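For reference, the structure is listed below as structure tokens.
The values are calculated or read from the model by the stated rules, or taken from the named source; none is laboratory data. Here the structure is a predicted model, which is why all the values come from computation and not from measurement. Counting neighbours? That spans all protein chains shown, and the Cβs are built from the backbone with ideal geometry, glycine included. Note: accessible area is taken over every heavy atom of the protein model, side chains too, but ligands, DNA and RNA are not part of it. Shrake-Rupley method; radii C 1.70, N 1.55, O 1.52, S 1.80 Å.
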Amino acid sequence: MTEVIGINLDSLVKKFGNVIAVNNINFNIKPGEFFALLGPSGCGKTTTLRLVAGLEEATEGRIMFDDEDVTYKEPKERDVAMVFQDYALYPHMTVAENIGYPLKVRKINKNEIRKKVKETSKQFKISNLLERKPNQLSGGQQQRVALARALVHQPKVFLFDEPLSNLDARLRLESRTFLKHFQSELGITTIYVTHDQSEALALADRIAVLKDGQIRQIGTPREVYENPSDSFVADFIGDPPMNLIDCKLEDNKDNIEIHFPETSVSIPKNKIKLNKPIDLMKDYIFGIRPENVFISENESDIKSEIYAIETLGATTLVTLQVGNSRVRLTLERNIDLEIEQLVQIKFDYNMVRIYEKESGSLIN
Ligand code: ADP
Ligand code: MG
């Protein structure tokens, strides 16, 4: 049995010339945790992963595996296994040779290798493919071979760099479920890089959301979804996305008035607690998820006109015109609505999030 380790990144910086790819990153991954690095293209995910693997050398900072400082250790001293987007299988080797390769370079004897390859390929349901070459495999099969090869010697750490992005939608979902099951079963500490928020939410125990080489938020999928700590995270996570509408705020006795460009909403102060005094001159962003907006029968609620109705399957996405803003809401069922119909809407005030426009920070 492999030991399960924790990973600590301490003030990690990586520069390529003038480009700061990783700009002072700190996090602590617990032993056995499935940790996702999520962010748009170019935000430094791959570089961070390569630093952990030892494929890049840190400009500043420290990487610890438990109590061991691995910052300047060679990749092979770190005992990590990495799976890339393109799987990087050896084209001239059979599936069996590919899977057995990490053992061969570790000078394990042939019988032992054969036994391990057999066991691992059974786990990944690819026992029938062992004699094939990679070009005789489907994308999903190649991906399983890459996973089997990464896992055959039970590494201390598992590193994934967008391993599902080359698969079609159905296969991506199946592989995702498989990975989730597999990682929980083995309990190997895992870092998973993706630009796909739904993948991070589905797989990870915790997610670090990155932008421009810096961490914007670290939290469980539920925390980053329900309580995005800044407007970038709010916008990046969720599908359909969160409604984020520019507004001004005004303190009015027992209420907070939210002034949108052509309409206003009054929210009782006991429903929305701001941690900063309101600045009348400042621009704010009003955030609410589509599932927290409702059609209302009450004439005094916010007036809107239905702009579009899209059937998503289990839910329906309704886009409304409110003044000159658009608001999305999701409905569990396809109720009787028509385009251009006039309806009232209301918000679940507990789920309203207010951000400062300039800094992007959450103030409630
Ligand atoms: P991500 O994986 O999130 O898309 P990367 O870690 O690949 O982002 O890249 C982060 C930044 O570092 C980008 O601006 C990228 O162009 C730059 N970068 C990455 N690798 C190199 C390199 N070897 N040389 C120069 N710049 C690099
Ligand atoms: Mg990348």
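So the values come out like this:
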| item | result |
| --- | --- |
| Filtered residues of the stretch 206-256 (kept if farther than 22 Å from LEU331 by Cα, of a type in the set (D, E, K, R) and open to solvent by 30 Å² or more (accessible area, probe 1.4 Å)) | ARG206, LYS211, ASP212, ARG216, GLU223, ASP246, LYS248, GLU250, ASP251, LYS253, ASP254 |
| Helices (runs of 4 or more DSSP H) wholly inside the stretch 177-237 that include at least 3 residues being at pLDDT 95 or above and within 16 Å of ligand 1 (Cβ to nearest atom) | 197-203, 231-236 |
| Condition check for THR59: within 22 Å of the chain's Cα centre (by Cα), touching a residue at least 24 places away in the same chain (Cβ under 8 Å) and open to solvent by 10 Å² or more (accessible area, probe 1.4 Å) | no |
| The lone exception for SER264 - which of (1) without any contact (Cβ under 8 Å) to a residue 12 or more places away in the chain; (2) exposed (fewer than 13 other Cβ atoms within 10 Å of the Cβ) it fails | (2) |
| Spans of strands (runs of 3 or more DSSP E) in the stretch 1-115 with at least 2 residues away from ligand 1 (no atom under 12 Å from the Cβ) and under 30 Å from SER127 (Cβ atoms) | 80-83 |
| Among (1) within 30 Å of ASN111 (Cα to Cα); (2) free of Cβ contacts under 8 Å to residues at least 24 places away in the same chain; (3) under 25 Å from the mean Cα position of the chain (by Cα) - the single one VAL80 does not satisfy | (2) |
| Hey, PRO241 farther than 30 Å from PHE16 by Cβ, modelled with pLDDT of 95 or more and touching a helix residue (DSSP H, G or I) at 6+ places or on another chain (Cβ under 6 Å) or not | no |
| Pairs with Cβ under 7 Å, 6+ apart, first in the stretch 1-27 and free of Cβ contacts under 8 Å to residues at least 24 places away in the same chain, second surrounded by fewer than 16 Cβ atoms within 10 Å (Cβ to Cβ) and not small (Gly, Ala, Ser) | none |
| Among (1) in contact (Cβ under 8 Å) with a residue 12 or more places away in the chain; (2) open to solvent by 30 Å² or more (accessible area, probe 1.4 Å) - the single one ALA53 does not satisfy | (2) |
| Every residue from the stretch 145-180 that is within 16 Å of ligand 2 (Cβ to nearest atom) and in contact (Cβ under 8 Å) with a residue 60 or more places away in the chain | LEU159, PHE160, ASP161, GLU162, PRO163, SER165, ASN166 |
| Residue list for the stretch 85-132, restricted to those being of a type in the set (Ser, Thr, Tyr), in contact (Cβ under 8 Å) with a residue 40 or more places away in the chain and on the phi < 0 side of the Ramachandran plot | TYR90, TYR101 |
